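Contents: one structure, followed by commentary.
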Amino acid sequence: MIKTVTLNAAVDKTVEVQDFRLGSVNRIAKVQLDAGGKGINVSKVIQALKGESMALGVLAGRNGEFIQAELERRGIDHDFLFVPGETRTNLKVVDSVNSTFTDINEPGTAISEDELKQLEERIFKDLGSDTSLVLSGSVPSSVPTSIYRRWLERANALGGKTFLDADGELLREGLKAKPFLVKPNLHELEHFVGHKLPNLKDIANAARSLLIQGVEVLVVSLGSEGALFAYQDQVIHAEALPVEVKSTVGAGDAMVAALTLVPTGEDYLTRAVRWSIATSAAQVTTPGTQPPELSKVLSYLEQVRYNYIS
């Protein structure tokens with residue numbers, strides 16, 4: 001079983017605005033509403049890849065009811081805790097004329113210590129060696145930045161396989177728990193190491209340093225430059241596929257979803273590279289945070305190009 005956790009869920013409102021201009025009246029050509037939040041996005045893509053997961057986290061208000069209804073419509077198992085307030089709405093502005101993607105995200109709903117304890121009971125119910133736990137995304141300001149570290153340590157102690165996709169202090173604290181896989185983007189990795197990483201060799205060296213600290217797999221998303229993968233004594237740079245980008249939202253979540261479904265063993269890293277790059281490419285060709293079609297992912301698998309970095 002794969003469990004995904006979303007502490008900062010959102011209704012993703014994607015609007016298409018041709019030639020978006022600051023300080024001017026802009027007219028929306030199209031609107032799309034999706035159930036969002038990084039863990040929820042991971043669960044949607046896992047389902048698209050014919051996997052199964054349970055989405056957990058915190059929801060509130062009518063937006064929370066919308067998200068729950070969307071998960072039920074898709075047939076995704078879930079066990080969310082409802083709290084007072086209203087789940088946030090995140091606005092995504094897509095301008096195809098200027099090829100820009102602008103995110104305007106609201107703060108999250110406050111979560112009390114007691115509510116966190118209730119959610120923790122749901123997360124760790126029946127969690128064992130056959131469970132993967134995915135902790136991803138931001139948390140509301142009321143939640144301590146040590147929360148992911150605490151849950152990762154508990155899951156590791158129970159024999160679970162742990163995945164972390166976060167930034168800032170959540171990443172810094174979470175790394176202390178030595179998760180199985182961590183997926184920062186380049187900016188997040190640079191912030192963690194405290195300096196710029198101007199080329200692939202520097203990124204590879206930073207990745208290797210995290211493996212030495214106990215992380216088993218490190219995946220660094222590089223946007224239009226693809227991604228870098230480090231595992232054991234291997235480091236691979238994979239190129240981004242040349243696809244028509246309709247939305248960049250959820251590309252990293254799609255990578256994480258694919259990575260949760262790749263079993264370790266012979267040729268693990270190359271299989272992880274191909275599936276995560278193909279899934280991420282398929283994701284960005286879909287509007288909003290709609291998951292990609294499996295057929296499209298499969299069509300991209302053989303197109304993935306990568307090189308080993310010494």
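The values are calculated or read from the model by the stated rules, or taken from the named source; none is laboratory data. If you're wondering where the values come from, they're calculated on a predicted model, not measured in any experiment. Every residue, glycine as well, gets a Cβ built from its backbone with ideal geometry; the counts of neighbours run over all protein chains shown.
Filter segment 232-276 down to the residues that are closer than 18 Å to R305 by Cβ, among the β-branched types (V, I, T) and surrounded by 22 or more Cβ atoms within 10 Å (Cβ to Cβ) and list them by number.
V235, V273
How many residues does segment 267-280 hold that are touching a residue at least 24 places away in the same chain (Cβ under 8 Å), farther than 17 Å from P184 by Cβ and not hydrophobic (A, V, I, L, M, F, W, C)?
Looking only at that region, the number is 4.
On the given criteria, is T286 touching a helix residue (DSSP H, G or I) at 6+ places or on another chain (Cβ under 7 Å), touching a residue at least 24 places away in the same chain (Cβ under 8 Å) and of a type outside the set (A, V, I, L, M)?
In short, no.
If we scan segment 194-202, do we find a residue that is more than 20 Å from W275 (Cβ to Cβ) and touching a helix residue (DSSP H, G or I) at 6+ places or on another chain (Cβ under 7 Å)?
Yes, segment 194-202 contains a residue that is more than 20 Å from W275 (Cβ to Cβ) and touching a helix residue (DSSP H, G or I) at 6+ places or on another chain (Cβ under 7 Å).
Tally the residues that are more than 20 Å from L49 (Cβ to Cβ) and of a type outside the set (D, E), restricting the search to segment 70-93.
The number of residues fulfilling the criteria is 13.
Which of the following residues is within 30 Å of R274 (Cα to Cα), buried (at least 21 other Cβ atoms within 10 Å of the Cβ) and either among the aliphatic types (A, V, I, L, M) or within 18 Å of the chain's Cα centre (by Cα) (or both): I111, I40?
Result: I40 is the single residue among I111, I40 that is within 30 Å of R274 (Cα to Cα), buried (at least 21 other Cβ atoms within 10 Å of the Cβ) and either among the aliphatic types (A, V, I, L, M) or within 18 Å of the chain's Cα centre (by Cα) (or both).
Quick one: what pairs do we get from segment 292-306, first residue touching a residue at least 40 places away in the same chain (Cβ under 8 Å) and outside any loop (DSSP other than H, G, I, E, B), second of a type in the set (K, R) and surrounded by 15 or more Cβ atoms within 10 Å (Cβ to Cβ), C-beta under 9 Å, 6+ apart or different chains?
Going by the 9 Å Cβ cut-off, the qualifying pairs are Y300/R274; Y306/R274.
Which residues, counting only those in segment 135-164, are in a strand (DSSP E or B) and either more than 19 Å from T264 (Cα to Cα) or aliphatic (A, V, I, L, M) (or both)?
L135, S136, L164
Just one of the numbered conditions (1) crowded, with 18+ Cβ neighbours inside 10 Å; (2) of a type in the set (G, A, S); (3) in a helix (DSSP H, G or I) is not true of S209; which one?
With respect to (1) crowded, with 18+ Cβ neighbours inside 10 Å; (2) of a type in the set (G, A, S); (3) in a helix (DSSP H, G or I), S209 is out only on (1).
Would you mind stating whether S136 is among the hydroxyl-bearing types (S, T, Y), without any contact (Cβ under 8 Å) to a residue 60 or more places away in the chain and touching a Gly at 6+ places or on another chain (Cβ under 7 Å)?
no
Filter segment 291-310 down to the residues that are of a type outside the set (D, E) and surrounded by fewer than 18 Cβ atoms within 10 Å (Cβ to Cβ) and list them by number.
Selection gives L294, S295, K296, L298, S299, L301, Q303, R305, N307, Y308, S310.
Please state which of the following conditions K50 fails to meet, knowing it meets all the rest: (1) at pLDDT 95 or above; (2) buried (at least 19 other Cβ atoms within 10 Å of the Cβ).
Evaluating K50 over (1) at pLDDT 95 or above; (2) buried (at least 19 other Cβ atoms within 10 Å of the Cβ) leaves (2) as the failure.
Considering only segment 165-205, how many residues are among the aliphatic types (A, V, I, L, M), assigned to a helix (DSSP H, G or I) and closer than 19 Å to K38 by Cβ?
The number of residues fulfilling the criteria is 5.
If you take the residues of segment 71-96 that are closer than 18 Å to V249 by Cα and not polar (S, T, N, Q), which of them is modelled with the highest pLDDT?
Top of the filtered list is R88.
How many residues, within segment 153-193, are of a type in the set (A, V, I, L, M, F, W, C), within 15 Å of L127 (Cα to Cα), touching a residue at least 12 places away in the same chain (Cβ under 8 Å) and out of contact with any Pro (no Cβ under 8 Å at 6 or more places or on another chain)?
2
Residue by residue through segment 44-96, note down the ones that are among the polar types (S, T, N, Q), touching a residue at least 60 places away in the same chain (Cβ under 8 Å) and closer than 25 Å to S112 by Cβ.
Matches in segment 44-96: T87, T89, N90.
In segment 60-86, which residue that is small (G, A, S) and in a helix (DSSP H, G or I) is farthest from the chain's Cα centre (by Cα)?
G61
Say whether the condition of being touching a Leu at 6+ places or on another chain (Cβ under 7 Å), in a loop (DSSP other than H, G, I, E, B) and touching a residue at least 60 places away in the same chain (Cβ under 8 Å) is met by at least one residue in segment 244-266.
There is at least one residue in segment 244-266 that is touching a Leu at 6+ places or on another chain (Cβ under 7 Å), in a loop (DSSP other than H, G, I, E, B) and touching a residue at least 60 places away in the same chain (Cβ under 8 Å).
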